[in-house]
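Asker: One structure is given below, represented as structure tokens, and several questions about it will come after.
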Amino acid sequence: MATAEIHVTLKPTLLDAQGATVLKALHQLGHTQARNARIGKYITIEIDDAQVGPDLAQRLDLMCRQLLANPVIEDYEIVIDDAPVAPGTARATMPAVAARVAAGPVAATTTSLASEEVKTLGGQPINEPFALDYSTYEVMTTEERLELREKAFQKHGPWIMRQIQERRAAWILCVGNEVVESGSTLDTYPSDEHLDSLGNARDLVPWVFTRPPTH
Amino acid sequence: MHFGIIVFPGSNCDRDCAHVINDVMGHSCRLVWHENTDLSAFDGLILPGGFAHGDYLRTGAIARFSPVMDSVAEFAAAGKPVIGICNGFQILCEARFLPGALRRNSGQHFICRDAHLRVEHNENRFLQTTNIGDVLTMPIRHGEGGYYADEATLGEMAANKQIILRYCSADGLITPEANPNGSVGNIAGVMNREGTIFGLMPHPEAASEILLGSDDGLLIFRSMMEQITPNRALTADLNREFVL
């Protein structure tokens, strides 16, 4: 399955009113180093394997011109990622853009949730569940672990959901800021032994998130 | 005159238009679902305001591919008048029936208030009952009303007298302050080259009864009903009559 990522942006010569407003807000927050903010759309499209051929790029270009972008006011950029992703088995390679997104939540460790801080045994607040070392996690009680999971989801829920949706996965396994494994059914859910060895090897907590039931 | 009012999923000014055509002006109309393709019964078409297909992707981007749109093109090609109001204007631009595009208002906000419009040209099917320089008042209500076309296109449009309404002050001056949404050249309404299709962001149907503050919008509908302006197709008909 190939995935195409399409970025649609206003032509650089046009005033991006949304971007200008966001820039103003950034400046008001003290981020005076911000110089130019432009807002666009990010569209991902999965392409049927059987139809992936030499004219894939042309086909996507046509999609952009016909529908996804309005050439009068918008530019577009197409990135095709056709790295094979074997569900539930080998480590999934993340496309470059997704990797940048993935780096986001872990970097933002300074903002902590105001209420109900989860603490380590030594009383230190844990701001970033994704960055917690495995040895600390191992000695936590089940309740603490559940709280920590809750916190991870509160903090990074949209990112987690996006990773699941992008892979059409039933579950994903994250270590640090990376999705290292995923599976299309719960039958392939990783074993405790596997998680334990992974946690010890990387000294980071291996978090597994599953797709919520659909109604 | 019998009007067809095209209803897309998410149109919401269709019944206001029908009220004006039927009850205020005493003409007839029918609502036409966007999947219908037979427009042969009508003398004029209205693409009303609203949020067709939820404005997903871009305003008008999906509606442009509705089955009715090919018939709209044929309708206009036959010389009959088509007006797109607000979302209808956005759809006509997305369909490339009109030049340019509409983008987010420069001030980011959805705007809902009266606007003043100056008549730039009246020798056309849509403003023939007005005078050049007239200031019309009617409401605007949109989030994506900033008209844009590149310089070359604007030059061509100006030469063809396609830019027929501009936002202005109460006394008819075209000023930056009178521009509510960042439209280039204060443009509020444009026609296609042939003069058969007209799109505007303001709502003439919401300014058609003095009880509601203005009936300037009637001038536009009346203009559509009077067949005196020579556009190409009509000119051909008139000539034939003359010869007979």
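Just so it is clear, none of the values below were taken in a lab; they were calculated from the coordinates. These figures come from a predicted structure and were not determined experimentally. Please note: Cβ atoms are built from the backbone with ideal geometry, for glycine as well, and neighbour counts cover all protein chains shown.
Asker: Measuring from label point to label point, each 7 Å out along Cα→Cβ, what is the A:Asp133 to B:His2 span in nm?
Answerer: It works out to 8.3 nm between the two label points.
Asker: At 7 Å along Cα-to-Cβ for each site, give me the label-to-label distance between B:Ser40 and B:Ala158 in nm.
Answerer: 4.5 nm
Asker: To continue, here is another question. Less than 22 Å apart at the alpha-carbon level, and either on another chain or at least 8 residues along: which lysines does that give for A:Lys41?
Answerer: Within reach: A:Lys11, A:Lys24.
Asker: Suppose only helical runs count, i.e. DSSP H with n ≥ 4. What mean residue ellipticity at 222 nm does that imply for chain B under -39500 (n - 2.57) per run, divided by all residues and rounded to the nearest 500 deg cm²/dmol? Present the calculation step by step, with values, prior to reporting the outcome.
Answerer: Values: 6 runs with 54 residues, N = 244.
-6000 deg cm²/dmol, from helical runs alone.
Asker: Can you work out the FRET efficiency for the pair B:Phe65 and B:Ala170, with r the C-beta to C-beta distance and R0 = 35 Å, to the nearest 0.05?
Answerer: 0.30
Asker: Calculate one ³J(HN,Hα) per residue across segment B:186-203 by plugging θ = phi - 60° into the Karplus curve 6.51 cos²θ - 1.76 cosθ + 1.60, and present them in order as whole Hz with x for glycine and proline.
Answerer: 6, 5, 10, x, 9, 10, 6, 4, 7, x, 9, 10, 10, x, 8, 6, x, 10
Asker: Could you list the chymotrypsin sites (Phe, Trp or Tyr not before Pro) in segment B:51-101 that lie in coil according to DSSP, counting only those with at most 16 other Cβ atoms within 10 Å of their Cβ? If you can, show how the numbers build up before the last one.
Answerer: On the way: sites: B:Phe51, B:Tyr56, B:Phe65, B:Phe75, B:Phe89, B:Phe97; in loops: B:Phe51, B:Tyr56, B:Phe97.
Qualifying residues, ordered by number: B:Tyr56.
Asker: Could you tell me which of rounded, prolate or oblate describes chain B, using a ≥ b ≥ c as the square roots of the eigenvalues of the alpha-carbon gyration tensor, with rounded for a/c under 1.5 and, failing that, prolate when a/b is larger than b/c and oblate otherwise?
Answerer: Cα axes put chain B in the rounded bin.
Asker: Which whole-angstrom value gives the distance between the alpha carbon centres of segment B:113-137 and segment B:152-168?
Answerer: 13 Å
Asker: Mind giving me the FRET efficiency for B:Trp33 and B:Ile111? R0 is 22 Å, r the Cβ-Cβ distance, nearest 0.05 is fine.
Answerer: Numbers: r = 30 Å, r/R0 = 1.34.
Taking R0 as 22 Å, the efficiency between B:Trp33 and B:Ile111 is 0.15.
Asker: Right, another one. Determine the shape class of segment A:1-84: with a ≥ b ≥ c the square roots of the Cα gyration tensor eigenvalues, call it rounded for a/c under 1.5, and otherwise prolate if a/b is greater than b/c, oblate otherwise. Walk me through the numbers before you get to the answer.
Answerer: On the way: a/c = 4.10, a/b = 2.13, b/c = 1.93.
It is prolate, given that a/c is not under 1.5 and a/b is the larger ratio.
Asker: Right, here's the next one. Shape call for segment B:92-138 from the C-alpha gyration tensor, a ≥ b ≥ c root eigenvalues: rounded (a/c under 1.5), prolate (a/b greater than b/c) or oblate?
Answerer: Taking the square roots of the gyration eigenvalues as a ≥ b ≥ c, segment B:92-138 is oblate.
Asker: Using r as the Cβ-Cβ distance of A:Leu29 and A:Asp61, and R0 as 60 Å, what FRET efficiency do you calculate, to the nearest 0.05?
Answerer: 0.95
Asker: I've got another one for you. Give me the distance in nm between label points sitting 7 Å out from Cα along the Cα-to-Cβ direction at B:Arg15 and A:Thr44, one decimal.
Answerer: Distance between the two pseudo-spin positions: 4.2 nm.
Asker: Tell me which aspartates and glutamates have Cα within less than 19 Å of B:Lys80's Cα, excluding those fewer than 8 residues away on the same chain?
Answerer: Candidates past the 8-residue exclusion: B:Asp38, B:Asp43, B:Asp70, B:Glu123, B:Glu194, B:Glu226, B:Asp237, B:Glu241.
Asker: Turning to a different aspect of this structure: Taking all pairs of distinct Cα atoms, average 1/r, flip it, and tell me the Kirkwood hydrodynamic radius of the protein assembly as shown in Å to one decimal place.
Answerer: Across the protein assembly as shown, the inverse of the average 1/r is 25.9 Å.
Asker: While we're here: Taking Cα pairs under 8 Å and at least six residues apart, what relative contact order does chain B come out at, in percent?
Answerer: Once divided by the residue count of chain B, the mean separation gives 19 percent.
Asker: Do any trypsin sites (Lys or Arg not before Pro) in segment A:4-73 lie in a DSSP loop with no more than 11 other beta carbon atoms within 10 Å, and if so, which?
Answerer: Answer by residue number: A:Arg35.
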